[in-house]
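So the structure is just underneath, and the comments pick up after that.
The values are calculated or read from the model by the stated rules, or taken from the named source; none is laboratory data. Everything numeric here is computed off the predicted structure, so don't read it as measured data. So basically every Cβ, Gly included, is an ideal-geometry build from the backbone, and we count neighbours across all protein chains shown.
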Ligand SMILES: [Zn+2]
C-alpha cells in the first residue's frame, strides 16, 4: 500500500478503487464503490453483511490492505479502510457465499472453541504416520477446506470487480493467494524431514514411496482444483 494525502482521497481520485472515504473526524465510511460491491453481492446471495472499517491499534487490520471474517460472526466484515474493492468483495464472499466444505470446517473449529478467523489451523506434521494416506488425510481435512474457501472468495471477488468494469484490481494472479495454503502445507511436510547440515532434505528425498507419490499428486492437482472452485465462485455472480 502506498501512502497518500487525505486531499487526494477527498478529490475523488480513488485509483485503487477504494470502497471507503475518509471523514473529517478520521473515521471512514463506505463510498459508492463500496456500496456497489455490497449491492452486487447481496443481489446474488439474497443476504447482507455489515462492515467494520478497522481502526489503528495493536494487531489491527488498519494499514494492512486486508480484511477478515470471523467464523463466529460471519455477517460482519472487518476491513482495512485502505483496502481495495477486491478485498471488500472477497470478505463479502466469505460472509455471504461460504462453501459447504468451509461450513463443515467451521463447525469443527467452533466446536473446538478456537474461534479463529478464516485461516488455516496450526497443526503438527511430526505426529503423522509416514505414509501417503496420512499426508492425503491432513491435506483434505486441514488444508483443502480453507484453500477452496479462499479460491471461491477470489472467484466471487473477481466476478464483482469484472461486473463493475474494473477487471483484476488485485494486481496479481487471483489463484496465488488460495494456493499459499497448499504450498504452506507442503513446506511444513518438507520442514519435518531429516536434515543434512541442519537443512531439511524434503519429502522428495527422504519420503517413503507412498509419501512421495501423494506429495507430487497434491502438487500436480492443486492449481486445477483451485481454478475449478474459483470458476464456481465466479459463476455465482451474474455478469
Ligand atoms: Zn479470504
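In the set 206, 193, which member is touching a strand residue (DSSP E or B) at 6+ places or on another chain (Cβ under 6 Å), more than 17 Å from residue 93 (Cα to Cα) and in contact (Cβ under 8 Å) with a residue 12 or more places away in the chain?
193
Return the residues of the range 202-239 that are surrounded by fewer than 19 Cβ atoms within 10 Å (Cβ to Cβ) and under 20 Å from the mean Cα position of the chain (by Cα); say none if nothing qualifies.
If the condition is that a residue be surrounded by fewer than 19 Cβ atoms within 10 Å (Cβ to Cβ) and under 20 Å from the mean Cα position of the chain (by Cα), then 219, 221, 223, 224, 225, 227, 228, 231, 232, 235, 236 are the ones that fit.
Inside the range 35-82, can you point out the residues that are within 13 Å of the ligand (Cβ to nearest atom), assigned to a loop (DSSP other than H, G, I, E, B) and under 24 Å from residue 232 (Cα atoms)?
66, 69, 71, 74
I'd like to know if the range 158-166 contains one or more residues that are part of a helix (DSSP H, G or I), at pLDDT 95 or above and within 16 Å of residue 226 (Cα to Cα).
For the range 158-166, residues part of a helix (DSSP H, G or I), at pLDDT 95 or above and within 16 Å of residue 226 (Cα to Cα): present.
Consider residue 199 carefully, then state whether it is over 22 Å from the mean Cα position of the chain (by Cα), at pLDDT 95 or above, surrounded by fewer than 18 Cβ atoms within 10 Å (Cβ to Cβ) and not assigned by TED's automatic domain parsing to the domain that holds residue 91.
yes
Mind listing whichever residues of the range 167-184 are within 14 Å of the ligand (Cβ to nearest atom) and either at pLDDT 95 or above or part of a helix (DSSP H, G or I) (or both)?
Matches in the range 167-184: 174, 175, 176, 177, 178, 179, 180, 181.
Among the residues of the range 88-127, count how many are surrounded by 14 or more Cβ atoms within 10 Å (Cβ to Cβ), over 15 Å from residue 141 (Cβ atoms) and at pLDDT 60 or above.
11
Considering only residues that are in contact with a helix residue (DSSP H, G or I) (Cβ under 8 Å, 6 or more places away or on another chain) and surrounded by fewer than 14 Cβ atoms within 10 Å (Cβ to Cβ), look in the range 26-64 and name the one that is nearest to residue 88 (Cα to Cα).
48
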